[in-house]
1. Among residues belonging to the stretch 52-106 that are closer than 30 Å to Thr745 by Cα and hydroxyl-bearing (Ser, Thr, Tyr), point out the one that is most open to solvent (accessible area, probe 1.4 Å).
2. Determine which member of the set Ala231, Ala236, Ala273 is part of a loop (DSSP other than H, G, I, E, B), out of contact with any helix residue (DSSP H, G or I) (no Cβ under 9 Å at 6 or more places or on another chain) and closer than 30 Å to Tyr619 by Cβ.
3. When you look at Leu320, is it open to solvent by 20 Å² or more (accessible area, probe 1.4 Å) and touching a strand residue (DSSP E or B) at 6+ places or on another chain (Cβ under 6 Å), yes or no?
4. Limited to the stretch 567-595, what total is found for residues that are more than 27 Å from the chain's Cα centre (by Cα) and open to solvent by 50 Å² or more (accessible area, probe 1.4 Å)?
5. Every residue in the stretch 74-88 that is touching an Asp or Glu at 6+ places or on another chain (Cβ under 8 Å) and more than 18 Å from Val101 (Cα to Cα), please.
6. Hey, can you tell me all the residues within the stretch 553-566 that are open to solvent by less than 30 Å² (accessible area, probe 1.4 Å) and in a strand (DSSP E or B)?
7. Within the stretch 177-208, can you find the residues that are outside any loop (DSSP other than H, G, I, E, B) and either of a type in the set (Lys, Arg) or touching a residue at least 60 places away in the same chain (Cβ under 8 Å) (or both)?
8. Can we say Phe201 is touching a strand residue (DSSP E or B) at 6+ places or on another chain (Cβ under 6 Å) and farther than 30 Å from Ile322 by Cα?
Amino acid sequence: MKLQFFLVFHYFTLLLPNHAHSQIPTQTIRGKVVDKISQSSIEGANIILLNSKPLLGTSSDQKGNFKLKFVPVGNQTLKVTYLGYKELTLPNIEVTSGKEVVLSIELEESLASQNEVVVTKKVEKNRAINESVVVSGRTFSVEETQKYAASIDDPARMVTAFPGVVATGGNGNNNISIRGNAPNGLLWRMEGADIPNPNHFSSVGTSGGGISILSSQLLTNSDFLTGAFPAEYGNALSGVFDLRLRKGNNETNEFTAKASFIGLDFAAEGPFAKGYEGSYLINYRYSTPTLIAKLGVNIGSGVIQYQDLSYNFYFPTKKLGIFTLFGFGGLSSQYQYAVKDSTKWISDYSTRFGSNFYSNTGATGVTHFISLDPNTYLKSSLVVSGTSNGETGNKLDNFYNTQLEDNESYIQTTVALSSTITKKINARNSFKVGIVASKLDFNFLQQSRNNSTNILFTALNQKGSAYTIQAFGQWTYRASDKLTVNAGLHYLELLLNNTYSIEPRASIKYDISSIQSIAFGYGIESQIQPVGTYFVQVQNLNGNLTQPNKDLGLSKSEQFVLSYDRSLTEFIHLKAEIYYQYLFNIPISTDPLNTFSIVNQQYGYPIMPLVNNGVGRNYGLELTFEQFLHNNTYYIISSSIYDSKYQASNGNWYNTLYNGNYTFSITGGKEFKTGDKLKNRILGVNIKLTYAGGLRETPYDTAASIANDYAVYQNNLAFSLKLPAYFRTDIGLSMKRNRERSTITWSIDIQNVTNTQNIFQVYFDPPTKTFKTSYQAGILPILSYKVDF
């Protein structure tokens, strides 16, 4: 009781005004300076804090480390210089009193002679961290996932502000389609290693879910790619999230506590021992709805439950290199109980059904980094990951007896070993080669009741292993400070049926002037089918069960991208990209009357015989007008016009499910400083407007649906219906205060603030024998409170 009283008292004292004289707090900025390609330490680099009075500056030591003390809180800018390297400016470094700022600074060697003027380089957020990415890629920061309206610390939601990226799963889902491709064409990577879909409430065969498992507390600046990938990326057709983890503070212990309508968050970081450069960083989250339900509050029959843990441990050694241990794990489930009241089934047929859904995902990995010489390093990793997805669904008959409708269980465990060598020959030439070997163990069961026969049919019942091999070689040639060429090959093989792909990749970038550049990218990419697809069971003409898809090949695409970028001012740029993607070797139905193609698959495994005879095409134009954070203001205006089609087994061309044809969004925000009288609080206003063409649906055969009492589609008119355009407005408000040793942030994120009723789907309702419309979620406010200390 005393503890509860203390917590309540402390909570209210935080809200009371403080009449003591306020002084702007300060913080420490420190980090390490390395060569961008070789990752070797740079000693003697000069680091200057711009616009500071008095001028603050320092230089890096023998290990490349530096430290700037007593930096005022707020957005700061650093300038980093070193003889023979391009001068680097890092603007808008957010400095708060709650946590030190720890940076990893990479300098690029200049090709100009020492007597020539060294080119000034600024951090370009419209470009990727990976220097081999010159088209269809950009970096994103943790601040963006926290700041953008409706992002709620989720990278997959945040990138819908970028052109060509469309949310496909409704307001309660973070599935995304990139340039008209299916969401499962997206690859997730962490610390250079492939990882399983890192989202809660994910279904098998998808790359998204309900909410990200990954905490923004662990992430640092990372890359997002949307096409024409460099050679090091494989087993993806549409996009790549290349996530990087930050190291914990290795000098002092720091903590973060956050409470919101979504979950309770706690993060801790610090050194393992005084004087040792190793550190730990760990985050745990528990869902607020689960906690409320366990307190006895009835919040509905479909209560969601989730919790997750993520971590990154850093172990440098004197002679054996650097080891890290990283990982994440998430448990999520949802229960829905059938209603034993037949009168309610008429108004809402779904209440007749009950379900138990679960989705568990985890990965842990060990990485090793060692410099073989000043210009060569080896990075290796061993990652063990696993997923367990499943659902049991039941239906009440007219006598309220429970009948099993669906029984699904999908268990997958992967062990992957990778190793990559990076060699910097000189300032012009560098090479990167690597290999990845993976073993996948699986145990699948899928049973569902047939609508016409009312028999529970086992479509998938398989246990076994599958092996994959990936290898790549990549060369970067800097002909001059203006011209860069990348070329490489990627190899992917599935040993399950010995199908493979050899994929050339190339790109070229030319800086026309200091304010404009053009780039071109080309590549062939391939992707393994979701593993259960190879083992589905179907009945042949004799009534025997067969597995017709064991020899399916890889899905493939050929991509061309032309890009133009122009800086209008120091902080504003305009970017345009034209792309064309030709899909081939795509699995489609063997039945000429069936218009199925795997390019439209949203989740699960198609239960039918397939053949790699399908093709498709995606092409479009993307425009971005963006101001990076300047004078406490930022905005992104992005638009895309595109077309996405596929060819079915009958030879006809159809729209894909994701062919919305256009998307437009405005994302922006501004911060206001209140000044000394109001304790130097920082007020933030963020907004996002989204307008996009509706997804596609196949029309129903009304007469057949009524006669059979279940939905029957007109497959010859596949995806010919287009849902109404999607419109949504999101607003985020925040208030931040820097105290002497802590930073407190209040925020509210109001999703779909206009309560727009966007259509989710049109469905057949058996009790009324009519077609009804379901809508996406309406207005949703998410309040949160965070303290860094």
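The values are calculated or read from the model by the stated rules, or taken from the named source; none is laboratory data. Remember, it's a predicted structure, so these values are computed and weren't measured experimentally. FYI the Cβ positions are ideal-geometry reconstructions off the backbone, even for glycines, and counts take in every protein chain you see. Surface accessibility is based on the protein's heavy atoms, side chains included, excluding ligands, DNA and RNA. Shrake-Rupley method; radii C 1.70, N 1.55, O 1.52, S 1.80 Å.
1. Ser104
2. Numbers: Ala236 fails: out of contact with any helix residue (DSSP H, G or I) (no Cβ under 9 Å at 6 or more places or on another chain); Ala273 fails: closer than 30 Å to Tyr619 by Cβ.
Result of the check over Ala231, Ala236, Ala273: Ala231.
3. Values: open to solvent by 20 Å² or more (accessible area, probe 1.4 Å): yes; touching a strand residue (DSSP E or B) at 6+ places or on another chain (Cβ under 6 Å): no.
In short, no.
4. Count: 7.
5. Residues satisfying the conditions are Thr81, Gly84, Tyr85, Lys86.
6. Applying the first criterion (open to solvent by less than 30 Å² (accessible area, probe 1.4 Å)) to the stretch 553-566 yields 553-555, 557, 559, 561, 563, 565.
Result: Ser555, Ser557, Gln559, Val561, Ser563, Asp565.
7. Taking the stretch 177-208 and keeping what is outside any loop (DSSP other than H, G, I, E, B), we get 177-178, 183-190, 193-194, 199-200.
Those that are outside any loop (DSSP other than H, G, I, E, B) and either of a type in the set (Lys, Arg) or touching a residue at least 60 places away in the same chain (Cβ under 8 Å) (or both): Ser177, Ile178, Pro183, Asn184, Gly185, Arg189, Met190, Ala193, Asp194, Asn199, His200.
8. Values: touching a strand residue (DSSP E or B) at 6+ places or on another chain (Cβ under 6 Å): yes; farther than 30 Å from Ile322 by Cα: yes.
When the stated conditions are applied, Phe201 passes them.
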